[in-house]
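K.L.:
Got a structure here, written out as structure tokens. Questions coming.
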Amino acid sequence: MNPSHPEDITQHVRRYLYVFYALMFGTIVTVGASYIPFGNREINIGVALFIACSKAFLVAGFFMHLISERKMIYGILAFTAILFLGLMTLTVLSFADMPHHAFAH
Amino acid sequence: MDIPYTIEARPDTGLYNAKVGIWLFLASEVMLFGALFSAYILLRVGSADGYWPHGWLNIPLGTVNTLVLITSSITTVMAWASCKMNQFGKFKLFHACTLLCALMFLGIKSYEYHDKLTHYEFVLKDGTFADGHIVKNQLTQQPGGLYTGYALIKGRKVEDERELYDLRAHKAGPHEELRIEGPQIVKMGSYGPWHNTYTALYFTLTGLHALHVIGGALVIGFLWGPGSRMWKSDPERFTNRVEISGLFWHFVDLVWIFLFPILYLL
């Protein structure tokens, strides 16, 4: 739900600024972490995707107000999430057909 | 005929209609980009050993572009908050910043595209590879595919093509001016979408994203310019329009949050 009273908005504006700082910080951390040799590339990929997901949560949750939306929106997004996860599951399952060299990078 | 529920919430959904509409649209957009991300994963995992590029893109420029998009996201949400607080002047200011950020993002992206399209790889008859930016192009391709003339490039020569793929592992030395003779060339091509799987994915993903930036900027530009007249006649409806365009803009930012690490950093 969106804030509708000016006092609520002022409170939200402060929150938007914190999210903005967090996103900026997250970007710097993403770049910095990509230069750290964690041992294998999978860990680097995992770290980068974890930070990206955290940033996406902040944008969707606060800038797009998903943290307090109506049920209707959650319903639409639940369907999308199911289809998206299905797509990614199919992608991962298809790895079984890949030649063995495929997981080197 | 009046469009219903442009301001007040529809009783069954609890939302004004445009908001339901934009979320349905964004849901379809998630699937569009999801399919492309799926293609990226498949092609990357299936690529031959040592032939997935690393370090081909300019990380400082990509980082600046990420920061620019994040800045545009905060100015977008602040523009909407300004409308809610009845501060039309601030709305104009914040959305002018959003538009500037959009232009800056597209400017940097264009520079990056230009850099890739003027960057060439040459496969030479002696089995080596020359790689660099064209300084002078006097090459002519004959009907049989052979080249005559010469090209001057600023770059380097390598024995193993894989040295051109992982630029993080094989640090490129200083680039020098090289003269490539046409008859020595077996094959040549720029780093456009046709170069390899990686550049095809890079141009497709970032190109589609850039189209979204252009679309979003056009809508925001309209609301900032001629569309802002509605503020006087129907401020609540105008505020809702700003919110809808903002939701789209945040989605564009969200997509870039994933594109940046997978294309530039990993």
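Nothing in this text is a laboratory measurement; each read-out follows from the coordinates by a stated rule. Just so it is clear, the model here is predicted, and its values are computed rather than measured. Here Cβ is always computed from backbone atoms with ideal geometry, including for glycine, and neighbour counts include all displayed protein chains.
K.L.:
Setting aside same-chain residues fewer than 8 positions from B:K125, which lysines have a Cα under 18 Å from its Cα?
P.N.:
Candidates past the 8-residue exclusion: B:K157, B:K187.
K.L.:
While we're here: Report Rg(Cα)/(2.2 N^0.38 Å) for the stretch B:120-209, keeping two decimals.
P.N.:
Computed over Cα atoms of the stretch B:120-209, the ratio equals 1.15.
K.L.:
Along Cα→Cβ, 7 Å out, is where each label goes; now give me the distance between the ones at A:M24 and B:R162 in nm to one decimal.
P.N.:
The two pseudo-label positions are separated by 4.3 nm.
K.L.:
Moving on. On a straight-distance basis, which aspartates and glutamates could pair with B:K109 in a cross-link, Cα separation under 18 angstrom, same-chain partners fewer than 8 positions away excluded?
P.N.:
Within reach: B:D253.
K.L.:
Relative contact order of the stretch B:1-133, please, whole-number percent, based on alpha carbon pairs below 8 angstrom and at least 6 residues apart.
P.N.:
Relative contact order, the stretch B:1-133: 13 percent.
K.L.:
Need the C-alpha centroid separation for the stretch B:152-195 versus the stretch B:117-138, integer Å.
P.N.:
Using only Cα atoms to place each centre, the spacing works out to 5 Å.
K.L.:
Which FRET efficiency value, to the nearest 0.05, do you get for B:T204 and B:L93 by plugging their Cβ-Cβ distance into 1/(1 + (r/R0)^6) with R0 = 45 Å?
P.N.:
With a Förster radius of 45 Å, E is 0.80.
K.L.:
Counting pairwise Cα distances across the stretch A:1-69, what percent come out greater than 16 angstrom?
P.N.:
Here the long-distance tail beyond 16 Å is 55 percent of all Cα pairs in the stretch A:1-69.
K.L.:
Can you give the FRET efficiency for B:L117 and B:M31, using 1/(1 + (r/R0)^6), R0 = 41 Å, r = Cβ-Cβ distance, to the nearest 0.05?
P.N.:
Result of the calculation: an efficiency of 0.85.
K.L.:
So what is the relative contact order of chain B, in percent, for Cα pairs below 8 Å that sit 6 or more residues apart?
P.N.:
Contact order relative to length: 23 percent.
K.L.:
Can you give the Kirkwood hydrodynamic radius for the protein assembly as shown, in Å, rounded to one decimal and based on Cα pairs?
P.N.:
23.0 Å
K.L.:
Hey, rough spin-label estimate for B:L218 and B:I41, points 7 angstrom out along Cα→Cβ, what's it come to in nanometres?
P.N.:
In this crude spin-label approximation the distance works out to 3.2 nm.
K.L.:
Binning at 10 angstrom from zero up to the longest distance, how are the C-alpha pair distances of the stretch A:29-105 distributed in percent?
P.N.:
P(r) for the stretch A:29-105, in whole percents per bin: 15, 30, 33, 19, 3.
K.L.:
Distance check, please: which entries in A:K55/B:K92; A:K55/B:K232; A:K71/B:K92 exceed 30 angstrom between their Cα atoms?
P.N.:
A:K55/B:K232; A:K71/B:K92
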